1. Tell me, what % of the accessible area of the stretch 1-79 is carbon and sulfur with a 1.4 angstrom probe?
2. Considering only protein heavy atoms, what per residue accessible area in square angstrom results for the chain with a 1.4 angstrom probe?
3. Check the straight Cα-Cα distances from residue 85 and name the lysines below 22 Å, setting aside those fewer than 8 residues away within the same chain.
4. Which residues make up the longest stretch of the chain clear of chymotrypsin sites (Phe, Trp or Tyr not before Pro) that lie in a DSSP loop with no more than 12 other Cβ atoms within 10 Å, not counting the sites?
5. What lysines could a cross-link reach from residue 31, if we take a straight Cα to Cα line under 17 Å and drop same-chain neighbours fewer than 8 places away?
6. Within the chain, what's the longest run with no trypsin sites (Lys or Arg not before Pro) in a DSSP loop and at most 11 other beta-carbon atoms within 10 Å? Give the range, please.
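The values are calculated or read from the model by the stated rules, or taken from the named source; none is laboratory data. The structure displayed is predicted, hence computed values, not measured ones. Cβ placement follows ideal geometry from the backbone for every residue including glycine, while neighbour counts extend to all protein chains displayed. Ligands, DNA and RNA are stripped out before the accessible areas are found, and what is left, the full protein with its side chains, is counted by its heavy atoms. Shrake-Rupley method; radii C 1.70, N 1.55, O 1.52, S 1.80 Å.
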Amino acid sequence: VQLQASGGGLVQAGGSLRLSCAASGTIFSIKVMGWYRQAPGKQREEVAGITGDGFATYADSVKGRFTISRDNAKNTAYLQMNSLKLEDAAVYYCFIVEGRGSHWGQGTLVTVSS
């Protein structure tokens, strides 16, 4: 299983970015797709997750600003990040939970400038 994350970059505070995570390979029924993030010196934080039937969960710190969605036909998840804050800067890692276990993608860096 390979996860290809994209969409990170530099954005000013208050701006928006959209992350994508495409899963490929031999995949057995993706149960959950989502994102974690880790900033320097901080613990890894689960940002958002979404099940196959669209049930989404969010960290309190991003509720109302981030929206996760997925395209089951494409095995792709999206994280729309609006009203970005300085504290959202981190490396974002996508993950999936499928029939045989969990898989992680390479991180994509989100930088937020003031």
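1. After summing per-atom areas, the C and S share lands at 48 percent.
2. Details: 5900 Å² over 114 residues.
That works out to 52 Å² for each residue.
3. Within reach: 42, 63.
4. Counting only loop sites that pass the neighbour cut-off, the longest clear stretch is 56-114.
5. The reachable lysines, counting only those whose Cα sits under 17 Å from residue 31, are 74.
6. The segment 1-41 is the longest one with no such site.
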